[in-house]
Amino acid sequence: MANQVKVFGVWESPFSKRVEIALKMKGVEYEYVEEDLSTKSPELLKYNPIHKKVPVFLHNGKPIVESLVILEYIDETWKSGTPLLPQDPHERANSRFWAKFMDDKLLPAAIKFVKSREQDVIEEIVELLSLLEKELKGKKFFGGESIGLVDIACCIVALWLDVIQEAVGVEMFTKEKHPKLYKWSEEYMNCSIIKETLPPRADLLAFWQSRLQPSATST
Ligand SMILES: N[C@@H](CCC(=O)N[C@@H](CS)C(=O)NCC(=O)O)C(=O)O
């Protein structure tokens, strides 16, 4: 029972994948339970009664929810492997800011885009990506030489945004518009832990193409 770790997720969720990436970076073994979001399991509802969402992280029977909260818990609990947050308090705060920027700014814009596909939302996303590009400050990863909290949070940019723009047939994130961020995404997608954890691009593209067809009733 000691150090028993369980993750409830769905394969197509970037939030679930954040947690799995962090666990693999720390070398923590875990049991993975694939949820069916159309029929949420009693365990999911019990452990995340407020949001009723994945991921749910269970450590020795104790639940933690919200992917960014889970990532910090993992970093504080397992000191093995690469630290996800820097040591310096100012740099730590800065990493938290950019991880939160991902969820507070870029994600809502991406959701708005999926629903409306309006030009001004595309422009908003391009601008938000430019802010991320600036934050890279010439580093290989947001975390420096290795992947950290912000890089994990940004898995959405490296794979989901790229897939969604292809499924819809628009260009928001390209080598020309965001050369440094694009290079970051190539380096990121080449990391072995990222490759083995994120869903195959073709599967995710098929998933989004079916959701974004004009006949699809919901997003
Ligand atoms: N802020 C949450 C977002 C989690 C989330 O939106 N999960 C989605 C799957 S991608 C979900 O479980 N949706 C089920 C629902 O909304 O009923 C996190 O970071 O963990």
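Ligands, DNA and RNA left out, the 1.4 Å accessible surface of the range 25-149 is 55% carbon and sulfur atoms.
Using 0.36 nm per residue and subtracting the Cα-Cα separation, the extra length available between VAL69 and GLU12 on full extension is 18.5 nm.
Which loop GluC sites (Glu not before Pro) in the range 109-172, with loop taken from DSSP, have no more than 10 other Cβ atoms within 10 angstrom of their Cβ?
Those that pass, being in a loop and sparsely packed, are GLU145.
About the centre of its Cα atoms, the chain shows a dipole size close to 260 debye [charges on the beta carbon of Lys, Arg (+1) and Asp, Glu (-1) only; nearest 20 debye]. Here the range 1-157 carries DSSP beta bridges of which approximately 70% are antiparallel, counting only pairs with both residues inside.
Over the range 5-77, Cα pairs under 8 Å with separation of 6+ residues give a relative contact order of 38 percent.
The mean accessible area for residues of the chain, using a 1.4 Å probe and ignoring ligands and nucleic acids, is 51 Å² per residue. What shape does the chain take by its C-alpha gyration tensor, where a ≥ b ≥ c are the square roots of the eigenvalues and a/c under 1.5 counts as rounded, a/b above b/c as prolate, and the rest as oblate? In terms of gyration-tensor shape, oblate. For the range 3-112, the square roots of the Cα gyration tensor eigenvalues, ordered a ≥ b ≥ c, give a/c of at least 1.5 with a/b no greater than b/c, which places it in the oblate category.
The values are calculated or read from the model by the stated rules, or taken from the named source; none is laboratory data. Note that the structure is predicted; figures quoted are calculated from it, not measured. Ideal geometry is used to build each Cβ from the backbone, glycine not excepted, and the neighbour counts take in all protein chains shown. Areas reflect the complete protein model, heavy atoms only, side chains present, ligands, DNA and RNA absent. Shrake-Rupley method; radii C 1.70, N 1.55, O 1.52, S 1.80 Å.
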